[in-house]
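Everything below concerns the one structure shown next.
Computed from the coordinates by the stated procedures, all read-outs in this text should not be read as laboratory data. This is a predicted model, so every value here is computed, not measured. Cβ: placed from backbone, ideal geometry, glycine included. Neighbour counts: every protein chain shown.
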Amino acid sequence: MSSPLSATQARKPDGTATARETLTITDNRTGKSYEIPITHGTIRASDLRQVKVDPKEFGLMSYDPAFNNTASCISRVTYIDGDVGILRYRGYPIEDLAEKSTYLETAYLLLNGELPTSAQLKDWTYHVTHHTFIHESIKKFLDGFHYDAHPMGMMISTIAALSTFYHDAKDIFSPESRKKQTYRLIGKMPTIAAFAYRHTLGMPYVYPDNDLSYPGNFLNMLFRTSEAKYRPNPTLERALDILFILHADHEQNCSANTIRSVGSSHVDPYSATAAAIAALYGPLHGGANEEVLRMLMEIGSVQNVPAFIKRVKAGETKLMGFGHRVYKNYDPRARIIKHIAYQVFDLMGKNPLLEIALECERIALEDEYFIKRKLYPNVDFYTGLIYQSMGFPMTMFPVLFAIPRTSGWIAQWEEMLVDPEQKIARPRQIYLGHDTRHYVPMEERG
Ligand code: CMC
C-alpha cells in the first residue's frame, strides 16, 4: 500500500521522465509500503512519521547522534565537498578569496551573498571601523577577570555582556537592527580579544586606530607599546588577514549549529554568539589549534614522533589537528596555511616545532591507520605554529579563530531567522529510562 504522498519525477536533459525521485519503504511489521519523495538527495525525517503499526503511535523517527547524516537546514552560504577537498563561500573558491580578497570583503560576501561594489565596501568598512570602540564599563568588566583567565572564557562572557548594553539587539526581526548588531559584533570582537590579551599581561589597553586595516588595527591593539603611531608589519598584517578569510565560515560545524540552535529561541545575537564561542572553545573544534601546539611541545623532538604515532594508533591519544567530520581529503585551508607559515617564518625565523609537525604529517600520510580512516591535517594543524611565531600566546589561538568566524556565525544565524521552515530547534529522543516508579521515602532507600 502506498501513501498519498505525490512522487516527484526526475527528468533527463531532453525532458523525458526517468525513474521516480522517491524512496519506497516497506514496514515489515505491518507489510505496508510507503513512498517518500527524495529532494536534493534527501528525505524529510517528518515523512517517516506516517510509518506506524498503530494509528495512535507517534510514528517512526530517525536516530542520528551527532548529526552524522542529518541535514538540519537549507543553506546558501558555504559549500564543502569533503571528498575532494573543496571549500567555497557563496560559490567563490577559498583559494581565490585567500589570494585576492580581504577579510572584511569576504565577511561582506558571507553576510550579503554577493561581493560588494566599491561604494558598498567603503560603507561596510566605515561602519565596522566605527563600531570598534567598546563602552568604558566593558573595560571595567574585563578588569574583574583573574590575571590568568583564559581569553576564550573572557570572550564568551564579554560578548554575552554586550546584550546588556544594546537593548535594541532584541529586535531580531528588524533588518536594520540586525545590520547594526552585525557592525558592532564584527567591529568589537578584535577589540575585546586584544583587551583580554592585554589584561592577562597587565598592560594598559590600546584603543582602536581607525586609520588601520581590520587586521592592522588588531595588531595595534595587541602589540603597541610606546610608539606614537603603530605601523603593522605588512607581511604579518596580510598573513593575519588571509588566516581570517580561511576561518570565516565552515557551514554546519559545531559552533554554527550552536548559533542556529540557540538563536532559534529568538534570543539576541550577542547571547547567541557567546554560545557559539563557547562551542568553538572545545579542543575538538576551535580549541584544537592550542592543543596541537601543546602536543608538539609534548612530543619534543623529531625522534619521538614514531613513538607518539604508535600511541595514537593504540588509541591512547589523538593526533590533534588531524581528521575532520566532513573532509576525507586534505583540508584546502591547511594547504594555504602551510604556505603562509613559510612566509611568516621567513620574517620571524623558523618555528622550531615545525620539523616535528612535518614529521607527524609525513608519517601519518603514509600510515595505514590514517589512510584507512582518511585522516588528513585540518585547518588547526599549522595555524598554531604561525600564531606562535607571530608572538601570540597559546591561549589566544582559539580567539584568533573566533574573531573571523563571527561573520560566518552571523550569516548562519540570519539565514536561520529568515527561513520560514525553521522553528525553535528541538530534537526528539529515544527514552530508555525507567517507567513510572513511586517516590521512596528516605528511610526505605537501600
Ligand atoms: N587522531 C587519531 N585518530 C583519529 C583522529 C585523530 N585526530 N580523528 C579521528 N580519528 C579516528 C577515530 O578514533 C575513529 O577511529 P575508529 O573508526 O577506529 O573508531 C575514526 O578516526 C573516525 O573518527 P571520528 O571520531 O568518528 O570522526 P568525527 O567526525 O566524529 O570527528 C574530529 C572529527 C575533528 C572531532 C576528530 O577527527 C578529532 O577529534 N580530531 C582532532 C581534533 C581536531 O583537530 N579538531 C579540529 C577540527 S577542524 C577545525 C574545526 O572544526 O574547528
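Region 19-41 and region 351-392 have Cα centres spaced 45 Å apart. May I ask for the distance between the Cα centers of region 413-446 and region 45-88, given as a whole number of Å? Here the two parts' Cα centres lie 20 Å apart.
Taking the longest Cα principal axis of the chain as reference, the axis of helix 288-299 is set at about 70 degrees.
For region 26-35, backbone phi angles converted through the Karplus equation (6.51, -1.76, 1.60; θ = phi - 60°) give residue-by-residue couplings of 10, 8, 5, 6, 10, x, 7, 10, 10, 10 Hz, Gly and Pro being listed as x. Entry note, the chain: the mean residue ellipticity at 222 nm calculated from DSSP H runs of n ≥ 4, each adding -39500 (n - 2.57), is -15000 deg cm²/dmol after division by the residues and rounding to the nearest 500.
Take the Cα of Ala149, step 7 Å toward its Cβ, do the same at Glu366, and the gap between the two points is 4.8 nm. For Phe133 and Glu21, the difference between the fully extended length at 0.36 nm per residue and the C-alpha to C-alpha distance is 34.9 nm. To the nearest Å, what is the center-to-center distance of region 103-134 and region 195-233, using C-alpha atoms only? Answer, in whole Å: 21.
Modelled label positions at Glu444 and Leu115, each set 7 Å beyond Cα in the direction of Cβ, lie 7.5 nm from each other. For region 217-232, backbone phi angles converted through the Karplus equation (6.51, -1.76, 1.60; θ = phi - 60°) give residue-by-residue couplings of 5, 4, 4, 4, 5, 7, 10, 5, 10, 9, 5, 5, 9, 7, 10, x Hz, Gly and Pro being listed as x. For region 18-62, a crude dipole built from +1 on the beta carbon of Lys and Arg and -1 on the beta carbon of Asp and Glu, taken about the Cα centre, is about 80 debye to the nearest 20. Farthest towards the positive end of the charge dipole of the chain, among the residues Gly384, Ser46, Ser72, is the Cα of Ser46, using unit charges on the Cβ of Lys, Arg, Asp and Glu. For region 118-134, backbone phi angles converted through the Karplus equation (6.51, -1.76, 1.60; θ = phi - 60°) give residue-by-residue couplings of 4, 5, 5, 5, 5, 5, 4, 5, 4, 5, 4, 4, 8, 10, 7, 6, 10 Hz, Gly and Pro being listed as x. Take 270-282, 207-219 and order them by the average number of nearby Cβ atoms within 10 Å per residue, most first; the result is 270-282, 207-219.
Peptides 33-45, 416-428, ordered by how many other C-beta atoms sit within 10 Å of their residues on average, highest first, read 33-45, 416-428. Amide H contacts for Thr22 (H built 1.01 Å from N in the peptide plane; partners 5 or more residues away or on another chain; cut-off under 5 Å): Ile38. Here the spin labels are modelled as points 7 Å beyond Cα on the Cα-Cβ line, and at Phe67 and Tyr431 they lie 2.5 nm apart.
Using the Cα centre of region 130-235 as the reference point, and only Cβ charges (+1 on K/R, -1 on D/E), how large is the resulting charge dipole? Debye, rounded to the nearest 20.
Charge dipole, region 130-235, about its Cα centre: 120 debye, nearest 20.
Hydrodynamic radius of region 18-62 by the Kirkwood approach over all distinct alpha-carbon pairs: 11.3 Å. Once both axes come from the Cα atoms, what is the angle between helix 332-348 and the longest principal axis of the chain, in degrees from 0 to 90, rounded to 10? Relative to the chain, helix 332-348 is tipped by roughly 10 degrees. Relative to the Cα centre, the charge distribution of region 77-418, modelled as +1 at Lys and Arg Cβ and -1 at Asp and Glu Cβ, gives a dipole magnitude of about 280 debye.
Asp81 label point, 7 Å along Cα→Cβ, cut-off 19 Å on backbone N: hits in region 242-266? Hits in region 242-266 for Asp81 at 19 Å: 250-252.
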